[in-house]
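The values are calculated or read from the model by the stated rules, or taken from the named source; none is laboratory data. All figures in this text were calculated on a predicted structure; none of them were measured in a lab. Neighbour counts run over all protein chains shown; Cβ positions are idealised from the backbone, glycine included. These accessible areas exclude ligands, DNA and RNA; they are computed on the full protein's heavy atoms, side chains included. Shrake-Rupley method; radii C 1.70, N 1.55, O 1.52, S 1.80 Å.
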Amino acid sequence: MALFGKKKIHPLSVDIHSHLIPNIDDGSQSMDQSINMIRELAALGINKVVTTPHIHPRYPNTPEVIMIGLKRLQEELKRCDVEMEVEAAAEYYVDENFIAKVKARDTLLSFGDNMILVEAPFQNKPIYFESAMFDLMAIGLQPVLAHPERYQFLEGSINWLEELKEIGVMFQITLGSIGGYYGAVPQKLGKYLIKLGLVDFLGSDLHRQAHIPFMKKGLESSEIQKLIKNGSLKNQELL
Ligand SMILES: [Fe+2]
């Protein structure tokens, strides 16, 4: 979209959470699906995508696998004339394996200014999570917690999230949560975190086509619109 020779900047501008490299996790299951979803993001006006495949016991991806997949995706986007800048990082599941990688100074995939997307288990409150966050910060990485609104073990309490905020963890809310895809609790908690001013980033966490209408609904909600307008989001800083 050219405007006086400059690309128009979408208020969300950079999506920092998605699963768009085909066949390496529970996200896109084919190159066609990936291309179609990225076309939709482009049609929404999003300027750049940092796609974040899982690195998780169920999806033990490596930086090499992700970078090879990214290259293939970029080539296919070019071939299909889809104008979208796509980079890759990862969504790291914080477990003993991850902590060992941090301590061993293994290569970790980050985005922006040394930011790293991390997730916790959904059902059980993780142990060693806070110390893992300290370990990351000690080696100059800024942890960004994926979808804090979706952790079921919180049972409506935000104490754990407040503790993480206090030690310097940033939060990424998923648009589909606000759009109602994951039910009433994440929707309510997401809106509450926005109200408290605890949200640093928005993300799509796009896995499949079915997420897109909920992502759009989230984007259109008054809470997200207000958040975008108040200028506190860091998505644009990644352009
Ligand atoms: Fe994700």
Euclidean distance between Cα centres, region 101-132 to region 195-239, Å: 22
Sites residue 208 and residue 113, calculated FRET efficiency, Cβ-Cβ separation with R0 35 Å, nearest 0.05: 0.70
Surface accessible to a 1.4 Å probe, per residue, for the residues of region 11-238, Å²: 45
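Please report the net charge: other residues with Cβ closer than 11 Å to the Cβ of residue 129, K and R +1, D and E -1. Please report the intermediate quantities before stating the final value.
On the way: positive: 125; negative: 95, 119, 130, 135, 163.
Result for the neighbourhood of residue 129: -4.
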Cα point-scatterer Debye curve for the chain, base-10 log of I(q)/I(0) at q = 0.07, 0.09 Å⁻¹: -0.21, -0.35
For region 104-204, the spread of Cα positions along each principal axis, largest first, Å: 40, 27, 21
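What does the net charge come to around residue 104 if you take all other residues with beta carbon closer than 14 Å to its beta carbon, with K and R at +1 and D and E at -1?
Its environment carries a net charge of 0.
Report, in deg cm²/dmol and to the nearest 500, the calculated mean residue ellipticity at 222 nm for the chain, where each DSSP H run with n ≥ 4 adds -39500 (n - 2.57) and the sum is divided by the residue count.
Working: 9 runs with 91 residues, N = 239.
Computed ellipticity for the chain at 222 nm equals -11000 deg cm²/dmol.
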For region 144-161, 3J(HN,Hα) per residue [Karplus equation, 6.51 cos²θ - 1.76 cosθ + 1.60, θ = phi - 60°, Hz, x = Gly/Pro]: 10, 7, 6, 5, x, 6, 9, 7, 5, 5, 5, 6, x, 9, 9, 3, 4, 5
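Which percent of the accessible area of the chain is formed by carbon and sulfur heavy atoms (probe 1.4 angstrom)? Mind showing how you got there, number by number?
Numbers: 5830 of 11420 Å².
The computed percentage sits at 51.
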Proximal aspartates and glutamates relative to residue 165, as straight alpha-carbon distance under 16 Å, when same-chain residues fewer than 8 apart are discounted: 119, 130, 135, 149, 200
Rounded to whole Hz, the Karplus (6.51, -1.76, 1.60) HN-Hα couplings of region 219-224, x for glycine and proline: 4, 7, 5, 5, 5, 5
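What number comes out for the charge environment of residue 185, summing +1 per Lys or Arg and -1 per Asp or Glu over other residues with Cβ under 13 Å away?
Values: positive: 150, 188, 191; negative: 149, 155.
For residues surrounding residue 185, the net value is +1.
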Counting DSSP beta bridges with both ends in region 11-238, the antiparallel % (nearest 5): 10
Whole-Hz ³J(HN,Hα) from phi, Karplus 6.51 cos²θ - 1.76 cosθ + 1.60, for region 190-205, glycine and proline x: x, 5, 5, 5, 5, 4, 7, x, 9, 9, 9, 9, 10, x, 8, 6
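Do any of 48/191; 71/191; 103/216; 8/125 go past 32 Å between their Cα atoms, and which?
On the way: 48/191 25 Å; 71/191 36 Å; 103/216 39 Å; 8/125 42 Å.
Flagged as over cut-off: 71/191; 103/216; 8/125.
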